[in-house]
Amino acid sequence: MLLTAVLLSLLAGPSVAASSNNPEVYYSIHYAGGGCETRVGGDSSAVSVKGYVAGESYEVFGPPASDNVTCLDAIPCQVDRASSADCTVEHNFTHTVDAGQVVNPESPGYNMSECHIDSDWYGDCNWLYKTLDEIKAEPELLLGDYSPDLEARNEFIYLAFYEDDSCTDLATIVTSLSGQTLSVPKAMNNPSLTCAEASLCAVDPAAGICADRVDGEDTVNLDAITRPASSNVYQCDASNEDVGQEECNEYTPTDCIKSSLYANCHFRYLSGDVLGMNPRLLLGETTEPVETTAPPETVDSSSSFALVADSRWLWTTVFATVAVIVA
């Protein structure tokens, strides 16, 4: 009887419980323009990429459907409901990953990986879903060269986590808006976790698997803004000091930094504009100079974090200048 049970178990394959021990992060990519075919000088542009944990249920918000709502206006609702008073319409979904493809269990035959024209949720955005492996195989999916969308694209900030200390082995992409505060759990006390396993909890701190992975550890607030003139990312995180770093730092797209959140991770910050101009930066291909077409502009003074960040940067510059003069 025992042998029979073992054979039946082997024939049935891995159990649902076993496979759920290591859920995968999948990504929605939204585009403005004529479709989802991105190319330099093309007429469509990747505007955002946002991660979700397979098997988890999500509630997201968008603006009311209207012919006057553009992708540029609507897409920030995907990341932060508080980004606009128009983010009032609720949408719910639960997707999984099967055989390397994103699947909607309610419509398993529906192809989530192909381009869908005009979102019902985010204005006239076009959309598709991809796994991380698909993005790594074709980073040009995230190319953005459609000039009217530069401002909207640069509103997004991407925190990319890596398995290696040269930031070439991409593990996870975490999305926020410039000026938004992200609250994410630390997992420094669990060094057996890979970077992908730990940083999944930054994508979705409420994911069921994270209760064990971050057991008893602190939640950290990550504040980041995009420097409009350079498209660098200025970020403050008190946990930086735990690994001998400054609390606030300005990161260029090629910086590869040891994570203070997850024991086996390194990270880099990319503004939406930088990612759109050179998505291969996600794979650590940093030999080509990164150019931005976003015009210089004043940091939004309505953001309290922007004021604090700029004042810290200003006083650092003043003290450094005085020191040089005195010397």
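Structure notes:
- Each eigenvalue of the Cα gyration tensor of region 145-285, multiplied by 5 and square-rooted, gives one semi-axis; in descending order these are 25, 15, 14 Å.
- Charge tally in the Cβ shell below 15 Å around Asp169, where Lys, Arg are +1 and Asp, Glu are -1, Asp169 excluded: -2
- Per-residue HN-Hα couplings for region 178-185 [Karplus 6.51, -1.76, 1.60; θ = phi - 60°; Hz; x = Gly/Pro]: 4, x, 7, 9, 9, 9, 10, x
- Relative protection proxy for 51-64, 118-131, from highest mean packing down: 118-131, 51-64 (other beta-carbon atoms within 10 angstrom).
- Solvent-accessible surface (1.4 Å probe) assigned to Asp165 amounts to roughly 120 Å².
- Counted charge near Asn92, where neighbours are those whose Cβ lies closer than 11 Å (Asp, Glu -1; Lys, Arg +1): -3
- Averaged over its residues, region 136-267 has an accessible area of 37 Å² per residue, based on protein heavy atoms and a 1.4 Å probe.
- Pairs of C-alpha atoms in region 184-267 farther apart than 17 Å represent 48 percent of all such pairs.
- With the simple spin-label model, which puts each label point 7 Å out from Cα in the Cβ direction, the Asn104 to Thr168 separation comes to 3.9 nm.
- A simple rule links phi to the HN-Hα coupling: the Karplus curve 6.51 cos²θ - 1.76 cosθ + 1.60 with θ = phi - 60°, which for region 226-235 gives 8, 6, x, 6, 10, 6, 6, 10, 9, 9 Hz, with x for Gly and Pro.
- Within-12-Å neighbourhood charge of Gly55 [Cβ basis; K, R +1; D, E -1]: -4
- Highest average packing first - 80-86, 247-253, Cβ atoms within 10 Å: 247-253, 80-86
- Apportionment of accessible area to carbon and sulfur, region 121-221, percent (1.4 Å): 43 percent
The values are calculated or read from the model by the stated rules, or taken from the named source; none is laboratory data. Everything numeric here is computed off the predicted structure, so don't read it as measured data. All Cβ positions, even for glycine, are placed from backbone atoms using ideal geometry, and neighbour counts span all protein chains on display. Accessible surface is based on the protein model in full, side chains and every heavy atom, while ligands, DNA and RNA are left aside. Shrake-Rupley method; radii C 1.70, N 1.55, O 1.52, S 1.80 Å.
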